[in-house]
1. Working only within region 63-97, note down all residues that are charged (D, E, K, R), surrounded by 19 or more Cβ atoms within 10 Å (Cβ to Cβ) and either modelled with pLDDT under 95 or within 30 Å of G26 (Cα to Cα) (or both).
2. Determine if region 13-29 includes at least one residue that is without any contact (Cβ under 8 Å) to a residue 24 or more places away in the chain and either open to solvent by 50 Å² or more (accessible area, probe 1.4 Å) or in a strand (DSSP E or B) (or both).
3. Which of (1) among the basic types (K, R); (2) open to solvent by less than 60 Å² (accessible area, probe 1.4 Å); (3) within 18 Å of S121 (Cβ to Cβ) is the odd one out, the single condition R50 does not satisfy?
4. If you go through region 1-12 one residue at a time, how many are of a type outside the set (D, E, K, R), within 11 Å of G113 (Cα to Cα) and open to solvent by less than 50 Å² (accessible area, probe 1.4 Å)?
5. For the subset of region 30-45 comprising residues that are out of contact with any strand residue (DSSP E or B) (no Cβ under 6 Å at 6 or more places or on another chain), assigned to a loop (DSSP other than H, G, I, E, B) and farther than 17 Å from S121 by Cβ, which member is least open to solvent (accessible area, probe 1.4 Å)?
6. I'd like to know if region 103-117 contains one or more residues that are part of a strand (DSSP E or B), touching a Gly at 6+ places or on another chain (Cβ under 8 Å), open to solvent by less than 40 Å² (accessible area, probe 1.4 Å) and in contact (Cβ under 8 Å) with a residue 12 or more places away in the chain.
Amino acid sequence: QVQLVESGGGLVQAGGSLRLSCAASGGTFSSYIMGWFRQAPGKEREFVARISRISSTRYADSVKGRFTISRDNAKNTVYLEMNSLKPEDTAVYYCAATTSSLTTSSEHYDYWGQGTQVTVSS
């Protein structure tokens, strides 16, 4: 069983940057596909980015070119670097892990963190 703990959220002005971290424990981190999702108030949880075991990446169109997902298997940590933030990026951000095939669907992720709030002011 994998435990995931996110950190790095906060309040930032539009155009600013944040770096989210997600520390994993209790499993073999390198064997997991890792994803970031977000959920804004009144909206469904949506895919943001994912990184494979060999660090291939995929992004939602809404964050492509602004966000970067990366992983450090030695530190059991996945990161989400967020630049040029917009008010519409405001949400609770969750990291998740799966051993399933590469997927952007939250239904296929088995383990979730508790989330970290990101608020972007205009």
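The values are calculated or read from the model by the stated rules, or taken from the named source; none is laboratory data. Given the structure is predicted, the values throughout are model-derived calculations rather than measurements. Methodologically, a virtual Cβ is constructed for each residue, glycine included, from the backbone with ideal geometry; neighbour enumeration extends over all protein chains shown. In case anyone asks, the SASA skips ligands and DNA or RNA and just uses the protein heavy atoms, side chains included. Shrake-Rupley method; radii C 1.70, N 1.55, O 1.52, S 1.80 Å.
1. Answer for region 63-97, where residues must be charged (D, E, K, R), surrounded by 19 or more Cβ atoms within 10 Å (Cβ to Cβ) and either modelled with pLDDT under 95 or within 30 Å of G26 (Cα to Cα) (or both): just R71.
2. Yes, region 13-29 has at least one match.
3. (3)
4. Restricting attention to region 1-12, the residues satisfying the condition of being of a type outside the set (D, E, K, R) are 1-5, 7-12.
Next, from what is left, pick out any that are within 11 Å of G113 (Cα to Cα): 2-5, 7.
Remaining after also requiring open to solvent by less than 50 Å² (accessible area, probe 1.4 Å): 2, 4.
So the count comes out to 2.
5. So the first thing to find is which residues in region 30-45 are out of contact with any strand residue (DSSP E or B) (no Cβ under 6 Å at 6 or more places or on another chain), and the list is 30-31, 41-44.
From what is left, the residues that are assigned to a loop (DSSP other than H, G, I, E, B) are 41-44.
Checking which are farther than 17 Å from S121 by Cβ leaves us with 42-44.
Working: G42: 93, K43: 138, E44: 158 Å².
Once the filter is applied, the top-ranked residue is G42.
6. The answer is yes; a qualifying residue exists.
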